[in-house]
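Peer 1: Take a look at this one; I'll ask things after.
The values are calculated or read from the model by the stated rules, or taken from the named source; none is laboratory data. Note that this is a predicted model, so its numbers are computed, not measured. Here the Cβ positions follow ideal geometry from the backbone for every residue, glycine too, while neighbour counts run over all protein chains shown. Side chains are part of the model used for accessible areas, which takes the heavy atoms of the whole protein and leaves out ligands, DNA and RNA. Shrake-Rupley method; radii C 1.70, N 1.55, O 1.52, S 1.80 Å.
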Amino acid sequence: MSLKVGKYSRREFLMVAGGAAVGGLLAACAPQAPAPAEPEAEEPAEEMAEEPEEEAMEEAPAEAERIPVAYWSAWTANHQDVLERMAGVCMERHPELDVTVTAGGPGGGDFHEVLLARISAGNPPDVATIWTGPVSFGLTGALTPLDEYMSVAEFALPDAFFEGSLQCCQFRGTTYSLPHSNQAAAILYNATWFEEMGLSPDPEDFPTTWDDLRALSAQFVEWEDDILNKAGFIPFMPNEYTAQWLLEIWFQLNGGIGYDFENVEYSIDSEENAEVMEYWLSWMDEQYQGDVDKIAASGNWSDLNEESGLLLGQAAMVQAGQWTLSYEFVNEFVTNNRMEMAKLPVGPSGSTPVTGSWPNYMCVPTGAAEPDGGFLMCEAFCTYGNRPWYEEVFDLPSWKDFPYDVLSAGVLANFGEERALEITRWWFDVREDSYPQWNSPVQEFADDTLGATFDQIMHKVVSPVEGLAQAQEAIQAQLEQVLTAAEV
Amino acid sequence: MRRQQNLMGWLFVLPWVIGIIVFRAYPIIASFFFSFTKYNILKPPVWIGVSNYVTLFTKEPLLETTVINTLYYALISVPLGLLLALGVAMLMNQNLRGIGFYRTIYYLPSLVPPVAGTLLWLLILNPGNGLMNSLLETLGLPRLGWFTSPVWSKPALILMSLWGIGGAALIFLGGLKEIPTAYYEAAEIDGANSLRRFRHITLPLLTPTIFFNLVMGIIGSFQVFTSAYIAGGAGAGGSGAGGTSGGPLNSMLMYMVLLFRYAFRYYSMGYASAMAVVLFLVILALTLVLVRTSGGWVFYEGAPRQ
């Protein structure tokens, strides 16, 4: 083999190539030089200036004057189009803004992870939609408080939102985000199957107490050895929604409370909450062979998704959020069956219907280059600019002035206009029963701990009293630690 | 001349040195420092001494669970993976027509990104309509809960890990190719059967490769994260923690998943750094034990056996 490359030896060639590579690497790591300033335009001659100056005043701000606002959304790229339309609504009202939408974030990791890293690095987006607790996130210093902005806002005034929705974003008088939407939970049931069973399909006749619901559920349950073929209602499956959302609702339906946001304390181990767990265990023993793993292995019983037992004709009832009604996969089911909705019944120690708050929150990260523009985007998304989103996804608005007669396209397609209107008004009313959630300083820790405890209770590894007491101790201790560290 | 050569040598390795300092050494040293602080990544770290370590060993309720889960996974997946990889390598070491095709398809799964691979296995192991349960049902066996079952979730993770043995198998294949055929010929002449040839020729001469794969396997298994993170979030779990839920009854809550949870869900970077330092020390200790004991069972051709 030749030892020469052209007129150079291989050694010389490699030395030069290595030096060039090092030089390139060092150059790539060097900070970018600022762009040279554009040369100032010469002032036009006076005799020519009159008309062009008048026209220039009426035109939108020139590109160079528009304020760039970077928006990241936790919603993924399949929502890019609707997010850009919403940004367009904002820019119509605020032509000085130039909003760039990044659906799903820039990638490179989990959305909130990347957002946290960018905030700590000092180059976050100017506005973001987050799916994590705004209070726990905000208390770390990650979010800009919005109260001053809200006090002088055009639309996003404090009383422009449902009180419960806004309370999800607040802690001791500080608002860390604006509530874009406030999802609620209720029971969806197969009214056609009810009729076939000789039961009244009408929502007015639906059970309003747990005992009645449990008795109704029993009529549908069918086992084949260890396989659950048909289920009535199963509220106690450990899944992603349980700890974050549903447990608090069921505690409150029984007159208890998990997290008291007004007094900033947890009461997980109350008698009422232990009663909820005991009730569910006895329900599982009575109707579902006392084995949560058998139930899980037999199907999906606790949510409305493509594999939901409700849609497959296996479950008579499920508890779900209203946004699921706008999904395309619901269409086949509602074409062949009548779907009805009912509020969650109250427990033996409860008296008031309650639902929860499954969120989307708009925030301005700390260190945003354009926080003013970021807030204007938050305001647009959560108030006047929400319509494109709502028309695409049936997310209950948090803004009081959002019109009741706008229909979500998915619900319209699945149910037809008349029924879609009924459904929309029904859920808008259910929203009134929402209890504020997501506002604990230790939201994620509490969710994880409570979720694991609930899992242990339903697997009968620990008794409800013991499990809830352990969870209470751990979560309350963590809460006190975080409050001390945050000096609030 | 020698000095110039030294200088040029350093110049050539400079990009690698810069990379290892910036992307390896600095984060390790920084993590070690942060382990002695209360740090949420957004505010300056506050020195708290060994408090994080004390909390980890005395007050962390999930430490025992994560250690047991991780040890369970490591103690089963590593030996099983080595055995299977060796078996596959021996099969791939045949002089058969089309053997290159088989080598390729056995290696391909190890090229699949971990997240994609886990999602694929979630479909295969779906308790309701997954391929595996359909197969079990066809064979008259009971359906299993897999990732929805606290009993079968870790075996499911181990099964998933075995899908990627192609890389280790390829390394074993390289080791097998290094063994001179003359030894086998001589053994055959002396009347040794295949089992004796494997035991007295293949195994001893393959020990350096086994040692390498064992060390890498232990390091990898103790750091198991991606599969547990994805599957733990998808399996039945009471927490709404998505990937960090740990699966049913925390059966898939591995040490690294808990570390990730503290870092990115609870914003306790200092505590997570302490967990990382502890893991580093444990893996270092295990590796040193293996290295020290390797003299008794690893045979390097040409070196006297200790």
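Peer 1: So, in Å, what gap is there between the alpha-carbon centers of the stretch B:181-224 and the stretch B:45-80?
Peer 2: With the stretch B:181-224 and the stretch B:45-80 each reduced to a Cα centre, they are spaced 34 Å.
Peer 1: If I take every Cα pair under 8 Å that is 6 or more residues apart in chain B, average their sequence separation and divide by the length, what percent do I get for the relative contact order? Could the numbers behind the result be given before it?
Peer 2: Numbers: 362 pairs, mean separation 78.7, N = 306.
Relative contact order here is 26 percent.
Peer 1: Lys and Arg at +1, Asp and Glu at -1: add these up for the other residues within a Cβ distance under 14 Å of A:Val82 and post the number. Walk me through the numbers on the way to the answer.
Peer 2: On the way: positive: A:Arg85, A:Arg387; negative: A:Asp81, A:Glu84, A:Glu391, A:Glu392, A:Asp395.
After counting each charged neighbour, the total is -3.
Peer 1: Another question, if that's okay. Once the Cα gyration tensor of chain B is diagonalised, what are the square roots of 5 times its eigenvalues, in whole Å and ordered largest first, as equivalent ellipsoid semi-axes? Walk me through the intermediate numbers first.
Peer 2: Working: eigenvalues 283, 197, 66 Å².
Semi-axes from the Cα gyration tensor: 38, 31, 18 Å.
Peer 1: Keeping all protein chains in the complex and leaving out DNA, RNA and ligands, what accessible area do you get for A:Phe220 with a 1.4 Å probe, in Å² to the nearest 10?
Peer 2: Counting only protein heavy atoms, A:Phe220 exposes about 10 Å² to solvent.
Peer 1: Would you mind computing, in nm to one decimal, how far apart the modelled labels at A:Glu222 and A:Ala477 are, each placed 7 Å from Cα along Cα→Cβ?
Peer 2: Between A:Glu222 and A:Ala477, the simple spin-label model gives 5.0 nm.
Peer 1: Another question, then. For a distance above 40 Å, tell me the whole-number percent of Cα pairs in the protein assembly as shown that qualify.
Peer 2: Tail of the P(r) past 40 Å holds 47 percent of the pairs.
Peer 1: All other residues with a Cβ under 11 Å from the Cβ of B:Asn52 taken together, and with Lys, Arg as +1 and Asp, Glu as -1, what is their net charge?
Peer 2: Numbers: positive: B:Lys38, B:Lys59; negative: B:Glu60.
Computed value for this residue: +1.
Peer 1: Also, quick follow-up: Rg and Dmax in Å for the stretch A:118-196, alpha carbons only: what are they?
Peer 2: 17.7, 62
Peer 1: Sum up the charges of everything whose Cβ sits under 12 Å from the Cβ of A:Asn337, counting Lys and Arg as +1 and Asp and Glu as -1, but leave A:Asn337 out.
Peer 2: Numbers: positive: A:Arg338; negative: A:Glu195, A:Glu196, A:Glu332, A:Glu340.
Charge balance in the 12 Å sphere: -3.
Peer 1: Sticking with this one: Taking the Cα centre of the stretch A:439-488 as the origin and placing charges on Cβ (Lys, Arg +1; Asp, Glu -1), which of A:Gln476, A:Ser440, A:Ala452 is farthest toward the positive end of the dipole?
Peer 2: A:Ala452
Peer 1: Further, regarding this structure: Please tell me the relative contact order of the stretch A:205-271 in percent, rounded to the nearest whole number, where contacts are Cα pairs under 8 Å and at least six residues apart. Numbers along the way, then the final one.
Peer 2: Working: 46 pairs, mean separation 10.0, N = 67.
Relative contact order, the stretch A:205-271: 15 percent.
Peer 1: Per residue, how big is the convex hull around the C-alpha atoms of the stretch A:230-347? Give it to me in cubic angstrom, could you?
Peer 2: That works out to 115 Å³ per residue.
Peer 1: How large is ³J(HN,Hα), in whole Hz, for each residue of the stretch B:264-270 in order, when computed from phi with the Karplus curve 6.51 cos²θ - 1.76 cosθ + 1.60 and θ = phi - 60°, using x for Gly and Pro?
Peer 2: Per residue, the Karplus-derived 3J(HN,Hα) values read 10, 9, 9, 6, 9, 5, x Hz.
Peer 1: Another one. Residue separation times 0.36 nm, minus the C-alpha to C-alpha distance between A:Asp401 and A:Glu286: what's the value?
Peer 2: Working: separation 115, 0.36 × 115 = 41.40 nm, distance 4.66 nm.
Extra length from A:Asp401 to A:Glu286 when fully extended: 36.7 nm.
Peer 1: Report relative contact order for the stretch B:1-117 in percent, whole number only (criteria: Cα-Cα under 8 Å, sequence separation at least 6). Mind showing how you got there, number by number?
Peer 2: Numbers: 27 pairs, mean separation 10.9, N = 117.
Computed over the stretch B:1-117, the figure is 9 percent.
Peer 1: For A:Thr324, B:Thr55, give the ranking by accessible area with the largest first, probe 1.4 Å. If you can, show how the numbers build up before the last one.
Peer 2: Numbers: A:Thr324 5, B:Thr55 45 Å².
I get B:Thr55, A:Thr324, largest accessible area first.
Peer 1: Report, in debye and to the nearest 20, how large the dipole of the protein assembly as shown comes out about its Cα centre when Lys and Arg carry +1 and Asp and Glu carry -1 on their Cβ. Working shown, then result.
Peer 2: Working: 38 positive and 90 negative charges, 1452 e Å.
The dipole of the protein assembly as shown has a size of about 6980 debye.
Peer 1: Using DSSP, restrict attention to beta bridges with both residues in the protein assembly as shown and report what percent are antiparallel, rounded to the nearest 5.
Peer 2: Numbers: 31 of 45 bridges.
Roughly 70 percent of the beta bridges in the protein assembly as shown run antiparallel, per DSSP.
Peer 1: Among B:Tyr300, A:Tyr435, what's the order by accessible area (1.4 angstrom probe), most exposed first?
Peer 2: Working: B:Tyr300 110, A:Tyr435 35 Å².
Largest to smallest exposure gives the sequence B:Tyr300, A:Tyr435.
Peer 1: Tell me which trypsin sites (Lys or Arg not before Pro) from the stretch A:348-454 have a DSSP coil assignment and no more than 15 other beta carbons within 10 Å of their own.
Peer 2: Details: sites: A:Lys400, A:Arg419, A:Arg425, A:Arg431; in loops: A:Lys400.
Here the trypsin sites (Lys or Arg not before Pro) that fit, given the DSSP loop and packing criteria, are A:Lys400.
Peer 1: For the protein assembly as shown, what does -39500 (n - 2.57) per DSSP helix run (n ≥ 4), summed and divided by total residues, give at 222 nm, in deg cm²/dmol to the nearest 500? List each step's numbers first, then the result.
Peer 2: Working: 34 runs with 399 residues, N = 794.
Mean residue ellipticity at 222 nm (helix-derived): -15500 deg cm²/dmol.
Peer 1: Which one, A:Ile234, A:Thr192, A:Ile257, is farthest towards the positive end of the dipole of the stretch A:144-270 when Lys and Arg carry +1 and Asp and Glu -1 on their Cβ?
Peer 2: A:Ile257
Peer 1: When the Cα atoms of the stretch A:283-437 are enclosed in a convex hull and the volume is divided per residue, what value in Å³ results? Write down the numbers at each step before the final one.
Peer 2: Values: hull volume 25.8 nm³, N = 155.
Considering the Cα atoms of the stretch A:283-437, their hull volume per residue is 166 Å³.
Peer 1: If you rank B:His200, A:His79 by how much accessible surface each has, with a 1.4 Å probe, what is the order from largest down? Numbers along the way, then the final one.
Peer 2: Values: B:His200 100, A:His79 35 Å².
Result, largest first: B:His200, A:His79.
Peer 1: Still on this structure, I have one more. How big is the dipole moment of the stretch A:136-234 about its Cα centre under a simple scheme where the beta carbon of each Lys and Arg is +1, that of each Asp and Glu is -1, and everything else is neutral? Debye, nearest 20, please. Could the numbers behind the result be given before it?
Peer 2: Values: 3 positive and 16 negative charges, 115 e Å.
Approximately 560 debye in magnitude.
Peer 1: For a label point 7 angstrom out from the Cα of B:Val289 toward its Cβ, which stretches of the stretch B:176-218 have the backbone nitrogen within less than 14 Å?
Peer 2: B:215, B:218
Peer 1: Still on this structure, I have one more. Once you place label points 7 Å from the Cα toward the Cβ at A:Asp205 and A:Ala117, how far apart are they in nm?
Peer 2: The two pseudo-label positions are separated by 5.8 nm.
Peer 1: Okay, moving on. Round to the nearest 10 and report in Å² the accessible area of B:Met92, as given by a 1.4 Å probe over the protein chains' heavy atoms.
Peer 2: 10 Å²
Peer 1: For the stretch A:135-150, take each phi angle, set θ = phi - 60°, evaluate the Karplus expression 6.51 cos²θ - 1.76 cosθ + 1.60, and give the result in whole Hz per residue in order, putting x for glycine and proline.
Peer 2: 6, 5, 6, x, 5, 6, x, 7, 10, 7, x, 10, 4, 5, 4, 5
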